[in-house]
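So the structure is just underneath, and the comments pick up after that.
The values are calculated or read from the model by the stated rules, or taken from the named source; none is laboratory data. All values derive from a computational prediction rather than experimental measurement. Note that we place each Cβ from the backbone using ideal geometry, even for glycine, and neighbour counts take in every protein chain shown.
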């Protein structure tokens with residue numbers, strides 16, 4: 001199952017670059033036509049980091065896991081579903097210079113990913129027991145709760161300033177940038 | 001062989017998102033332009049679940065399998081061929097608001113997938129024997145037969161109401177949503 | 001190295017479906033708009049089978065192989081290069097109803113693939129010795145020579161009748177459809 | 001981690017072919033319409049070789065590596081980020097007949113890849129020690145320094161002659177074409 005998830009995440013992170021199209025009709029060879037793509041690049045970089053974080057934590061989590069059941073399998077599929085929407089909202093947000101609705105939708109996809117990841121962790125702990133390696137390693141998932149709160153605020157604020165929302169998405173990425181020390185400490189690597 | 005199949009299925013499930021394009025020329029930043037995509041999203045979700053189901057059952061089946069021969073290999077390739085057409089019919093159905101022909105073709109691709117999967121199972125059982133682990137685990141494949149019947153009805157009904165057909169495709173997905181307990185029970189995991 | 005090659009081949013076989021686009025502007029929901037795609041589908045099916053054959057033989061060959069060197073590695077990369085062009089010529093041939101030049105180029109890509117595969121085998125045998133398992137298993141590569149001859153004829157004939165050329169491409173696929181019994185016999189599986 | 005990187009690199013090298021589109025509106029079946037694509041093909045070939053070189057050296061390097069830490073992981077992600085931009089700049093350079101800015105940007109992406117690879121090696125050596133297998137194998141990284149110098153010259157010269165820049169990119173590819181003998185010699189294969 002990890003090989004399949006790794007494969008899907010590898011594809012998601014890579015096909016995002018297909019959204020980096022110089023808009024048809026322009027195809028200019030001058031710098032201006034590329035500089036106009038800066039919202040596309042910013043969105044691309046942020047999404048690349050987000051998917052990197054998810055891959056990283058997903059990878060660490062499943063190293064602490066022995067067996068899976070049907071619920072875990074579909075919880076994982078559910079996470080992959082929301083991850084797979086990131087290239088779409090990334091492209092939409094980039095093309096529209098961080099307009100209100102794309103930024104809101106980007107946040108909704110991010111919060112759904114966070115919820116899906118939390119559900120996956122819950123399914124794993126329910127299967128393996130709270131006193132398992134994973135259960136102990138996760139402990140109180142404060143980073144998860146804080147992220148959900150910031151996402152919710154960012155989505156609400158996207159109606160006033162999409163730039164503030166984008167900045168908040170960057171903040172959450174910063175919180176998660178470091179690999180999950182909790183698990184790393186318990187299982188080494 | 002399983003690694004290759006996993007890879008192909010991972011790519012199929014992921015490139016489907018490339019069909020989720022905000023239609024060229026629109027690129028609107030308003031919600032309406034995304035809401036108009038709802039048939040695209042519905043199709044996407046259904047296809048995502050279908051491919052998830054196939055991956056899941058494929059994975060479980062090949063865990064019960066020791067060796068393969070040339071026939072199994074090409075039966076597997078045949079299944080991958082029909083799976084690979086799912087993104088195409090998904091995009092076509094979504095773009096046309098569940099118009100008659102796309103819905104019919106979507107059903108035809110689904111029924112061909114079901115037939116290809118059945119042929120793969122037959123090839124596997126012929127190679128390993130009906131009294132093998134897999135042969136016993138599959139037993140009477142009533143879920144397979146019921147699915148084929150529902151698909152056939154849905155394809156016929158697509159001429160009267162494409163919505164009924166779509167609902168029937170959802171029903172079959174529901175039947176298969178649970179991983180194949182028959183095999184899981186026999187081999188653990 | 002095999003994992004990487006498997007990955008590349010899996011992606012090549014899958015992204016071909018992205019060429020199966022209902023032409024922009026048409027997006028018709030009627031059957032006619034799909035039936036007009038029949039050259040695209042025929043090309044897709046043939047290319048799918050070709051890539052399946054290459055994956056199959058590549059896979060069997062590398063199961064008979066213990067170690068690799070730099071030459072083998074780049075011979076393999078060279079093969080992947082020509083395989084990676086198959087989706088492009090497939091799309092081009094399909095879109096133009098088997099017009100002369102696309103059919104010629106399709107043949108050129110096929111013959112280059114055959115040459116690249118032959119070079120890979122030569123590099124493998126040079127590294128492992130003619131009396132190795134692989135060297136014995138390959139023996140006289142008559143299937144390879146016949147294929148090269150048929151491709152050359154098909155490319156030449158594409159100037160008179162592209163349908164005859166296409167038929168000859170189908171003939172070669174037929175010759176190779178069966179997995180390489182020579183190797184399978186020697187190493188089991 | 002290597003499986004994930006292999007997957008991403010396999011996808012990058014393959015999706016580049018999606019940039020090889022016969023320009024919309026032309027779709028000519030004549031040879032001229034393909035010959036006009038020669039800058040696209042030249043760019044494609046060069047980028048294919050570059051990604052092949054990176055995969056090759058990445059693969060050899062990680063065979064000499066036992067464990068990884070968080071820094072290595074993100075240094076690797078950083079390299080994958082710059083690799084993932086190669087299809088974009090390749091397509092842009094090819095479409096614009098080696099115009100000035102695309103050639104400059106192609107060079108910038110190449111130099112960022114070289115820097116990212118150097119940072120990855122530094123992170124690896126810092127983790128494993130200069131007297132480790134890898135530390136000894138790399139020794140003085142003169143190939144790396146020469147490449148960086150040539151890239152810098154090529155980027156500067158792109159303002160006078162983009163053809164000279166392109167030639168210099170080819171030269172660097174030539175320097176790296178041979179797998180890293182330093183590591184190969186130490187660890188065999």
Cβ pairs under 8 Å, 6+ apart, first in the range C:61-73 and touching a residue at least 40 places away in the same chain (Cβ under 8 Å), second in a loop (DSSP other than H, G, I, E, B) and surrounded by fewer than 16 Cβ atoms within 10 Å (Cβ to Cβ): C:63/C:189; C:67/D:189; C:68/D:189; C:69/D:189
Exclusive hit being within 30 Å of residue A:100 (Cβ to Cβ) and out of contact with any strand residue (DSSP E or B) (no Cβ under 6 Å at 6 or more places or on another chain), set B:34, B:103: B:34
Residues that are closer than 25 Å to residue C:34 by Cβ and at pLDDT 90 or above, drawn from the range C:92-118: C:103, C:106
Helices (runs of 4 or more DSSP H) wholly inside the range A:1-115 containing at least 3 residues that are within 13 Å of chain B (Cβ to nearest Cβ) and buried (at least 17 other Cβ atoms within 10 Å of the Cβ): A:2-15, A:38-63, A:70-84, A:86-95
Lone qualifier among A:94, A:129 - being out of contact with any strand residue (DSSP E or B) (no Cβ under 7 Å at 6 or more places or on another chain) and within 29 Å of residue B:56 (Cα to Cα): A:129
Residue count, the range B:60-91 (criterion: within 18 Å of the chain's Cα centre (by Cα) and either modelled with pLDDT under 85 or at positive phi (or both)): 3
Output for the range C:1-37, where each listed residue is modelled with pLDDT of 85 or more and over 17 Å from the mean Cα position of the chain (by Cα): C:4
